[in-house]
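The values are calculated or read from the model by the stated rules, or taken from the named source; none is laboratory data. Bear in mind that the values here come from a model prediction, so they are computed numbers and not experimental data. FYI the Cβ positions are ideal-geometry reconstructions off the backbone, even for glycines, and counts take in every protein chain you see.
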Amino acid sequence: MDKLYKSKEKGWFELEHGLIQEKMIAITSGKGGVGKSTVTANLAFALNKLGKKVGVIDADIYGFSIPRIMGLKEKPRGKNEEEIIPPQVEGIKVMSMGSMVTEDKAIIWRGPMLLGVLKQFMQEVIWGELDYLLFDLPPGTGDMTLNIMQQISDADVMVVTTPQAAAANVAVRVGNMAKQLDTNIIGVIENMSYYECSDCGKKEYIFGKNGGGRIADNLGTKLLGELPLLPEIREGSDQGSSIILTEPESKVSQEFKKIARQIVK
């Protein structure tokens with residue numbers, strides 16, 4: 001198949017109670033475990049530090065992790081039967097199933113119910129005026145990812161990968177799916193690119209080298225950034241404290257800010 005098609009229900013996923021000044025960005029990956037949600041959360045904080053009004057939708061309904069990574073404690077509040085006030089962290093508005101159920105709760109729903117939740121996030125949440133709305137998509141090229149991409153067809157796509165061939169190959173597939181939908185791919189982020197010795201500064205390319213660059217070339221887009229493998233990132237994600245907030249001058253924080261500046265310009 002050479003071509004996939006956008007949803008015929010144009011506007012199905014448009015905001016009812018909000019206005020996006022700049023763009024929607026769908027952040028995806030070919031497989032799980034590459035740090036897609038961590039990238040989404042830290043990119044939201046980086047854009048926020050540039051003075052942008054940011055919203056995040058955790059569209060990875062089965063594997064939600066945005067609330068923990070972002071340190072979100074608040075719950076959504078109902079303004080009335082048809083309007084929801086989203087919780088915020090550092091001024092970033094966030095909607096996730098993780099804010100509505102316990103963290104160990106299994107979501108055993110089929111596709112139509114999941115899409116119904118995301119439609120509710122778009123149409124019943126009072127987002128207000130945003131510069132950027134980020135979607136943390138499910139990994140891979142399955143039905144759920146395809147359906148969401150079709151519904152938010154005006155969004156730009158960002159692909160997250162790690163350097164090794166196994167991750168890079170499937171990342172190309174998800175990028176090609178986006179291209180078949182005529183969706184603009186704004187770039188590739190390579191996560192866990194290297195480990196840098198804190199004593200001598202030597203870089204070790206544990207998972208290989210330049211996988212993100214090869215993906216970007218394959219998809220006809222650019223490599224937005226290479227994020228190092230750091231225990232502090234993992235610890236921050238587990239504890240709900242973004243490294244951009246706790247260590248704003250660190251190398252990885254500067255790399256996230258560099259990526260954010262490329263998006264903004």
Notebook entry, point to check: Could you list, in sequence order, the residues of segment 146-167 that are surrounded by 21 or more Cβ atoms within 10 Å (Cβ to Cβ), over 20 Å from T38 (Cβ atoms) and among the polar types (S, T, N, Q)?
Noted result: Q151
Notebook entry, point to check: Here are some conditions: (1) under 19 Å from the mean Cα position of the chain (by Cα); (2) under 19 Å from L47 (Cα atoms); (3) of a type in the set (K, R). K251 meets all but one. Which one does it not meet?
Noted result: (1)
Check: So which residues in segment 66-97 are assigned to a loop (DSSP other than H, G, I, E, B) and modelled with pLDDT under 90?
Finding: K73, E74, K75, P76, E81, E82
Next item on the list: Hey, could you check segment 209-235 for residues that are within 17 Å of the chain's Cα centre (by Cα) and outside any loop (DSSP other than H, G, I, E, B) and say which is modelled with the lowest pLDDT?
Entry: R234
Next item on the list: Name the single residue, out of those in segment 245-260 being among the hydroxyl-bearing types (S, T, Y) and buried (at least 16 other Cβ atoms within 10 Å of the Cβ), that is modelled with the highest pLDDT.
Entry: S253
Note to self: Quick check on segment 187-208. Is at least one of its residues at pLDDT 95 or above and of a type in the set (D, E, K, R)?
What the structure shows: yes
Item checked: Failed criterion for D143 (all others in (1) surrounded by 24 or more Cβ atoms within 10 Å (Cβ to Cβ); (2) farther than 26 Å from F207 by Cα; (3) free of Cβ contacts under 8 Å to residues at least 60 places away in the same chain; (4) not aromatic (F, W, Y) hold) -> (1)
Margin query: Quick check on segment 72-85: of everything there that is in contact with a strand residue (DSSP E or B) (Cβ under 6 Å, 6 or more places away or on another chain) and touching a residue at least 40 places away in the same chain (Cβ under 8 Å), which residue is farthest from L227 (Cα to Cα)?
Written below: K79
Checklist line | Any chance G175 is surrounded by fewer than 17 Cβ atoms within 10 Å (Cβ to Cβ) and either in contact (Cβ under 8 Å) with a residue 24 or more places away in the chain or more than 17 Å from G30 (Cβ to Cβ) (or both) | finding: no
Checklist line | Given (1) surrounded by fewer than 21 Cβ atoms within 10 Å (Cβ to Cβ); (2) closer than 24 Å to A168 by Cβ; (3) in contact (Cβ under 8 Å) with a residue 60 or more places away in the chain; (4) under 16 Å from the mean Cα position of the chain (by Cα), number of the condition L181 does not satisfy | finding: (4)
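Quick check on my filter: what residues within segment 35-64 are part of a loop (DSSP other than H, G, I, E, B), in contact (Cβ under 8 Å) with a residue 60 or more places away in the chain and not basic (K, R)?
Scanning segment 35-64 gives G35, L50, A59, D60, I61, Y62, G63.
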Item checked: Filtered residue count, segment 6-34, keeping only those that are part of a loop (DSSP other than H, G, I, E, B) and modelled with pLDDT of 85 or more -> 5
Notebook entry, point to check: Considering only residues of segment 119-138 that are charged (D, E, K, R) and surrounded by fewer than 23 Cβ atoms within 10 Å (Cβ to Cβ), which is nearest to Y62 (Cα to Cα)?
Noted result: K119
